[in-house]
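The values are calculated or read from the model by the stated rules, or taken from the named source; none is laboratory data. Quick caveat, the model's predicted, so the values are computed rather than measured. Cβ placement follows ideal geometry from the backbone for every residue including glycine, while neighbour counts extend to all protein chains displayed.
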Amino acid sequence: MKILESLAKLCAILAGVLLTAITLMTCVSLIGRNTVGWTIVGDFELSGAAAGAAIALFMPWCQFRRGNIIVDFFTSKASRGTNAALDRLGALLLGLAMSVLAWRTSIGGIKAWQSQSGTMMIGFPEWIVYCAMVPPLVLCAVIGLVQALRGFESAEPA
């Protein structure tokens, strides 16, 4: 789990750096637009692409730290063993869902690369966003599957 934890932290740091860069770009664009009439063309396209990649990059750390929403209305009075089994089942389902997302995102990236599709204003290649999303989705799937098999001894719920 130490390797998975390190990779999840790295993904979260990359997401933070990406969002910081996009925030700075947006500030420069807004200040330029409102002061001298100059703006960064396609800033909203780049913001959207970066946000999609950042969301995927934050997911492994969220799963590792058990930061997903847990609705325990029906299980609050259940035994510790029952809750542990349900948590492991949830981790398994999340791992499977992330596996499907990684697979379909990979296919979407290949199709975007084959068609050379890009954003409308600046033509930013869409396949780059897909490529940025696949590794963290795979990592999130692996973390969920490992947690389903081994349990949650390394992280407490947030």
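Residues that are touching a helix residue (DSSP H, G or I) at 6+ places or on another chain (Cβ under 7 Å), farther than 30 Å from LEU145 by Cβ and either modelled with pLDDT under 95 or of a type outside the set (D, E, K, R) (or both) do not occur anywhere in region 2-19.
Being on the phi > 0 side of the Ramachandran plot and without any contact (Cβ under 8 Å) to a residue 40 or more places away in the chain: is that true of GLY123 here?
Details: on the phi > 0 side of the Ramachandran plot: yes; without any contact (Cβ under 8 Å) to a residue 40 or more places away in the chain: yes.
It is true that GLY123 is on the phi > 0 side of the Ramachandran plot and without any contact (Cβ under 8 Å) to a residue 40 or more places away in the chain.
All of (1) more than 23 Å from VAL142 (Cα to Cα); (2) assigned to a helix (DSSP H, G or I) hold for LEU101 with one exception: (1).
Yes/no matrix, rows are residues, columns are (1) surrounded by 13 or more Cβ atoms within 10 Å (Cβ to Cβ); (2) more than 19 Å from ALA132 (Cα to Cα); (3) in contact with a helix residue (DSSP H, G or I) (Cβ under 9 Å, 6 or more places away or on another chain); (4) of a type in the set (Lys, Arg):
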{"position": "GLY37", "(1), (2), (3), (4)": "no, yes, no, no"}
{"position": "ASP43", "(1), (2), (3), (4)": "yes, no, yes, no"}
{"position": "ALA51", "(1), (2), (3), (4)": "yes, no, yes, no"}
{"position": "TRP61", "(1), (2), (3), (4)": "yes, no, yes, no"}
{"position": "PHE64", "(1), (2), (3), (4)": "yes, yes, yes, no"}
{"position": "GLY67", "(1), (2), (3), (4)": "yes, yes, yes, no"}
{"position": "ILE70", "(1), (2), (3), (4)": "yes, yes, yes, no"}
{"position": "PHE74", "(1), (2), (3), (4)": "no, yes, no, no"}
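Quickly run through region 66-92 and pick out the residues that are at pLDDT 90 or above and under 19 Å from ILE55 (Cα atoms). Scanning region 66-92 gives a single hit, ALA91. Sub-6 Å Cβ pairs linking a first residue in region 27-52 that is part of a helix (DSSP H, G or I) to a second residue that is surrounded by 15 or more Cβ atoms within 10 Å (Cβ to Cβ) and acidic (Asp, Glu), at least 6 apart or interchain, are SER29/ASP43, ordered by first then second residue.
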